[in-house]
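The values are calculated or read from the model by the stated rules, or taken from the named source; none is laboratory data. This structure is a prediction, so every number in the text was calculated from the model and none was measured. With ideal geometry, Cβ positions are generated from the backbone for all residues, glycine too; neighbour counts draw on all protein chains shown.
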Amino acid sequence: MRKLIVTALIAASVSAPAAAQYRGGYDGGRGRNGGIERQIDQIEQQIDRLRDRRLISGNEAQRLSRQAEQIDRLHDRYRRDGLSQREHAELQQRIQALRHRVQSERQEGRYDRRR
């Protein structure tokens, strides 16, 4: 009987940390989640490169970087309790919109330089 109780206690102590680590929600807070962070990082790097090449102004770069930071903060808030499918889709939509704005600013900068 004593061995059975000890075995049950050991099994419970091993499974408790594993259960505590579970992050519910869409993709369990992993996998695609890292993809979102990577996408935001890539956009921020692109903004920096465009500013360094003077294809966009410092003010434009600052504005776009602020928007990337807002998406990053929203992502951090969403993933605290697990990223739902809706939240993931919203973040992807915001990332796509920011990519489009970065591209538009780049094209406008080139257009203005040709005059």
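Here are a few things to note about the model shown:
- Scanning the range 33-51 for residues that are within 16 Å of E108 (Cα to Cα) and not basic (K, R), we see that the one that is surrounded by the fewest Cβ atoms within 10 Å (Cβ to Cβ) is Q46.
- Long-range neighbours under 7 Å by Cβ, at least six apart or interchain, first residue in contact (Cβ under 8 Å) with a residue 24 or more places away in the chain within the range 68-94, second of a type in the set (K, R): I71/R94; G82/R23; H88/R32
- Check on L50, closer than 21 Å to Q103 by Cβ, of a type in the set (A, V, I, L, M, F, W, C), modelled with pLDDT of 50 or more and touching an Asp or Glu at 6+ places or on another chain (Cβ under 8 Å): yes
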